[in-house]
Amino acid sequence: MMGRFIIRRLAVGGIQLFVLIIAVFLLIRLLPADPVARFVGLNASPEAYAAAKSNLGLDQSIPKQLGDFLGVTGGDGLLQGSLGRSWVTGDAVAAEVARALPVTLELLTYSFLLACIIGVPLGVLGAVRPGGAADKGTLVFGLFAGSQPEFSWAIMFIFVFFVVLGIAPGPLGRLSPLTDPPTAITGFMTIDGLLAGRPGVTAEAVRYLSLPVLTQAFILSGPIIKMVRQNMAEALQADFVLYARAAGLPERQVALSALHAAFAPSMTLIGVLYGFMLGGAVLIESVFSLGGIGQYAIRSILAFDYPAIQGVVLIISAISLIVYLLIDILHAALDPRAAL
Amino acid sequence: MSVAVHDAPAAGDGLLKIGAIIVGLMTFLAIFGPVIAPYDPTAATDTVSTPPPPLIDWPRLFIAQFDPEIPAPHWFGVDAAGLDVFSRTISAPRTDLLIALTATAFSFVIGVTLGALAGFFRHWSTELLMRASDILQSFPVFISAMILVALAGRSGVNIVLAMTLLYSPIFIRLTRAEVMSLRNRGFVEAARATGVSERNIVFRYVLPNALGPAAAQASVTIGFAILLTAGLSFVGAGVRPPTPEWGLMIANGASQIVLGDWWPSLFPGAAISITVFGFASLGHALERRYGR
Amino acid sequence: MDARPAIAADNIHVAFPRAEVLRGASLAMPRGAVVGLTGASGSGKSTFAAAMLGLVRPPGRITGGKVMLGDEDLLALTGSRLREIRGSKISLIVQNPRAALHPMRTIARQIGAVSSAHERAAPKNADALRRQAVDLLELVGVNDAARRADAFAHELSGGMAQRALIAMALAAKPEILIADEPTSGLDVTVAAQFLDMMAATVKDRGVSMLLVTQEAGVLATYCDFVAEMADGRVGPLQETTTYFKQGASRPRRKPPPAAEDAEILVRVDGLRKQFVTRGATLTAVNDVSLAIRAGETLGLVGESGSGKTTVGRCIVALETPTSGEVSFAGEPLSALKAPDLRRLRAKVQFVRQDPFDSFNPRWTIGRSLAEPFRIHLGSGGEEAAAKARDLLKEVGCDADSADARPRALSAGVLQRANIARAMATAPEFVVLDEPTSALAPSARGDIIALLARLQQTRGTAFLFISHDLTTIAAACHRIAVMYLGEIVEFGTREQIFETPAHPYTKALIAAHLSDDPGERERHAARLRLEGEIPSPIDLPPGCVLASRCPYAENRCAKEHPQLDAFADGRRVRCLRAEDINAQHETIPTPSNATEAQPHVD
């Protein structure tokens, strides 16, 4: 049953992904931007322009280009596991994405952890005493945090903690420019440092991640508080809570049982948020020069680097899909009511 | 009795008031901002990189303003290009809010119409619409907006179009769900049993009741649209300089932060902060009142 | 006998964000008695029941009052003392059993949690707790208790879940039991057994019980006293016999006779309605045929799931039949085009059960009532409004209620307005789907009287759909009994009630609780239907009742009976109809030889 469910979801997701990538492929070619001019410059001779155009493959018909990209016309395409080559660096897009992705994942994972540590208890607290100060306070804080421009706060944090107080490192990336990065095994700087036997690198990576994670966690705590509060409040309004109190069960037990019931739907929502944030960490990565997939996307888009753009969209969407599938499986495992 | 998620009633009303005040203020600035601004937001003044005057001086400076001979103070300071931060900050709503409101209005109209149709009629075309809407919703929002705007040309119009495309699915989905649940409500059926025509059922019974949640969502969406516009401009894929726009201002200010010049970034940042919070609060209060 | 009340609620106020639900509700419960609490939907009964334990469903808040248990005010207590009292001195049973159980924990764990919370009842280790839970489940009549104890709430049927709740409620041996509509949602025969078990337990242990219910029969049969709630307050406590003798509330016992030779107005032929959900086909209505004459009231009786509501909806064209035909005045509905259908709606109307759900919440009643005049008679705004007010007066409402919104009116008044709207275009035929079920028992008689009056003055025919035999008996000339989508018996009022022929009808009548307290003793003889109702997705090939019928033979499960003519002119769908009714014997009781009610020691 579980197997059939997974296969069905992967199949549906695969189709969605396919449609999506074709849509992006066509869309960027139909928009007026001219990547050729971007590369050869505006004063190029017609011959240079034509040569460049041919190099980029843009002189061929769109169906042919699509076929090449997918790998159905032979050669180096999606079916062969290749995402093409970046028009800016010439490197394989797949390799560049593979380098950039873990950076974002590292940022998001730590941010989510921190946001949950802050947000879940606040959400629960707000739900447990309706009408109280905690209720109003968490509601307002959640609304506020969720409406903030993260790039603005990032800059302000840099100003306060780096420029004024000097306790945080500057926005120079994941490590000090003077440090030699360890061999990338997981891509997570914090873990790779330990794996390479250089705990100092890990410590430094943590320091450099502190402001980005703080900023991102602050923003994320908004929706997390809102969702946990809502689920918890719904659970507390359920009849089984009323009934448990009527049976004289201790309040702590009652609250825990409500949390138990609210847990699965909350996990699901948080997971969905994670999938959503893959493309949403762009601005923080940009401010702190972390080099994650969001920053890669910005660079590629502004440079009109079509293969890179396609690669980024494809990878982000694919990973989101897998995250959603994992969440659903987790939900089914946690909640005996969820039939697959 | 249907029980919605509780909020302390006092908090709910408080949020409504705060939201309304903030939205009102920003709308006022959107209309009159550039008019009341003391300096031309796109022209350099005679100083450069000047911090704002200390707060204690403000009352004195304000009173001194009544003498037309005295030049206006730079309330929020001057940035590295010599532009008055205050004037730019209060002129920016005209750009940011206009874009956000227009985009949301378009998505609302398109989304509600299509959503209502999809809610009423089960047809292969509405099924297709929902599939397309799903796929559209699975696009990573910021990146897709960047692609659309950067490749179509950086302009306010393109930002509006991109956001309309990306935000319509939310309204489609929301309206469809509302309409589907309302169709089966007793009073709708009772109307049908009384002989009310289907057309009247849609327009007089269902839609008025379905628009509530959509309107609340609209307020929230305007807030997100402002964030998106500012974010796009910040990375260089949005509005073009020298249009006063909060995101652009923060981007300019970012390079000056390490020099200790905090004012070019703080004020536009705070403005976005407050504005989006205002829309979010208003949306929340509306949802409590008019949501199901 | 101790004359002090077991528990006394004094002037309780409960407020929700949009309304005050309890406005000074007071009730003193006599010791060792069963008190019935009744009232219309929305009158605050459930809120009051919970408030007796100092509980309220969020976002409500208790804003005033006292609940005196002995010398202690429960509403003033906090923390551990309150916790001790709840569950051990006073217990609560709620309406929707599956919702009251934790969705992710097994039953045994939940019962065990209650025991452990009140030490004096509890053995401490896990095995002993589980054994105790299993014992309790057996005592409340759960078959295969050891296996069921490990089930989750959504895996149990309604009846089982309710029994699990009782087990939890009784685990710590309380002195006072508050039961909030414990049998709503349960099948009639299961409900009857359940109430018997509860009543016996309560009497045995001298427990004082507050039984919240809207069923007149339950009040009359099980309660010593009755109090009726209205508008957030509790009316005076009366002896049951006194309550049922009250003037206007005395329900009319018999409908005025209908014209003998009226022509047939509505004809239903071979109606079948199926719904397709997630790949499974649910047959709600399976081959129903009937005829309704002008000026008569036909009753359609059945429990929830019998298909009666669907039949009603097909007749007024709110649903399209999968097959079969409905004709009005000789014209088949399927042949009508949309404009003709709309014109037909002036002659055929529909009244639904929940008056609050029947009106547009944003419009005043007057505006909703003016609609039919506007549409069918082309009346302008002023004229329609005036007619609406006249109509309200005709049904016994205050003309001023035309300016009120639905939420501001009580269920009784609103239901009258609902009927008024249906009568606006002077229809020849009206389908009423459970029109009195949402009302307090005392208000039901008035509605039935109103309908009778309308029938006399206007000659309207009614199809009266209900699960409540009392109202059916009071309102209908002829009656069709439905079970699992089929009509199993069809006859006059006298035939059905005095000499039921079909086993299901017999069981229904036997399980029916009369609303006359004097008839309590007759209630003892029972025909029990075993087992649970089969699923309408998987209809059995033979007789739909075969799996539960005490008279069933082998052929019953294989051959599908038709609705055949019976001796006295009625129709019965049973292969053994002649046999069963030939001997005027006592009703056989299937597995249990005696009438011993299961009860907790």
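The values are calculated or read from the model by the stated rules, or taken from the named source; none is laboratory data. Everything quoted here is computed from the prediction, not taken from an experiment. Here the Cβ is made from the backbone with ideal geometry for all residues, glycine too, and neighbour counts use every protein chain on show. Each accessible area value is taken on the protein alone, full model and side chains, heavy atoms only, with ligands, DNA and RNA left out. Shrake-Rupley method; radii C 1.70, N 1.55, O 1.52, S 1.80 Å.
Worth a mention:
- Residue of B:L151, B:L117, B:L129 that the Gaussian network model of chain B assigns the largest fluctuation, springs spanning Cα pairs under 10 Å: B:L151
- For chain C, a simple Cβ point-charge model (Lys and Arg +1, Asp and Glu -1, everything else neutral) yields a dipole of about 1460 debye relative to the Cα centre.
- Cα-based reach from A:K53 at 12 Å (exclusive), listing aspartates and glutamates while leaving out same-chain residues under 8 positions away: A:D34
- Highest-MSF residue in chain A out of A:L165, A:L314, A:L101 [GNM, Cα springs under 10 Å]: A:L165
- Mean Cα-pair separation over length for the stretch C:1-151, i.e. relative contact order, pairs under 8 Å, 6 or more apart, %: 18
- Global form of chain C, assessed from the alpha-carbon gyration tensor, a/c cut-off 1.5: oblate
- Association of chains C and A removes close to 2300 square angstrom of accessible area from solvent, both sides included, for a probe radius of 1.4 Å.
- Nonpolar atom fraction for the protein assembly as shown, defined as the carbon and sulfur part of the 1.4 Å probe accessible area, stands at 60 percent.
- Accessible surface buried by the A/B pair amounts to about 4100 Å², both sides summed, 1.4 Å probe.
- Whole-number percent relative contact order across chain C, with pairs defined as alpha carbons under 8 Å at least 6 apart: 15
- 44 Å tail of the calculated P(r), the protein assembly as shown, as % of Cα pairs: 52
- Considering only C:L265, A:V241, C:V430, and ranking their Cα positions along the charge dipole of the protein assembly as shown that arises from unit charges at the beta-carbon of Lys, Arg, Asp and Glu, the one farthest toward the positive end is C:L265.
- Farthest toward the positive end of the dipole of the stretch A:101-339, out of A:V124, A:G222, A:P199, is the Cα of A:V124, where the dipole comes from beta carbon charges about the Cα centre.
- Whole-number accessible area per residue in Å² for the protein assembly as shown, which is evaluated in the context of all protein chains at 1.4 Å: 41
- Solvent-accessible area of C:L336, all protein chains in place: 40 Å² (probe radius 1.4 Å, heavy atoms, ligands and nucleic acids excluded).
- Restricted to Cα atoms, the stretch A:203-310 shows a radius of gyration and a Dmax of 20.6, 66 angstrom.
- Taking Lys and Arg as +1 and Asp and Glu as -1, the other residues whose beta-carbon sits under 13 Å from that of A:P149 total -3.
- For chain C, calculated [θ]222 nm from helices alone, where every DSSP H run of n ≥ 4 adds -39500 (n - 2.57): -9500 deg cm²/dmol
- Straight Cα distances below 25 angstrom link A:K136 to the lysines A:K226, B:K17, with same-chain residues fewer than 8 positions distant left out.
- Cα long-axis angle, helix C:188-205 against chain C (0 to 90 degrees, to the nearest 10): 30
- Highest-fluctuation residue, B:A270, B:A150, B:A193 considered, GNM on chain B with Cα pairs under 10 Å: B:A193
- Global form of the stretch C:151-236, assessed from the alpha-carbon gyration tensor, a/c cut-off 1.5: prolate
- Cα-based shape type of the stretch A:156-199, given that a ≥ b ≥ c are square roots of the gyration tensor eigenvalues and the cut on a/c is 1.5: prolate
- Between the Cα long axis of helix C:79-88 and the first principal axis of chain C there is an angle of about 70°, rounded to the nearest 10.
- Estimated purely from DSSP H runs of n ≥ 4, each contributing -39500 (n - 2.57), the mean residue ellipticity at 222 nm for chain A is -23500 deg cm²/dmol once divided by its residues.
- Over the stretch A:2-80: Rg over Rh, Cα atoms, Kirkwood Rh: 1.16
- Under a model in which nothing but the beta-carbon of Lys, Arg (+1) and Asp, Glu (-1) is charged, chain A shows a dipole of about 600 debye around its Cα centre.
- With a threshold of 25 Å on the Cα-Cα distance, the over-threshold entries among C:K203/C:K506; C:K337/C:K393; C:K273/C:K558; C:K506/C:K558; C:K347/C:K506; C:K66/C:K89 are C:K203/C:K506; C:K337/C:K393; C:K347/C:K506.
- Mean Kyte hydropathy of 0.0 or more with a Cα span along the axis of at least 24 Å, helices from DSSP in chain B: B:9-36, B:85-120, B:156-183, B:207-235, B:263-290
- Over chain A, the Kirkwood radius and the radius of gyration, each from Cα atoms, give a ratio Rg/Rh of 1.05.
- Folded to 0 to 90 degrees: helix A:306-334 orientation relative to chain A principal axis, Cα: 20
- For C:K254, the lysines whose Cα falls under 18 Å of its own Cα, not counting residues fewer than eight places away in the same chain, are C:K245.
- Comparing C:A171, C:A192, C:G159 along the charge dipole axis of the stretch C:131-202, the residue lying farthest to the positive side is C:A171, per the Cβ-charge model.
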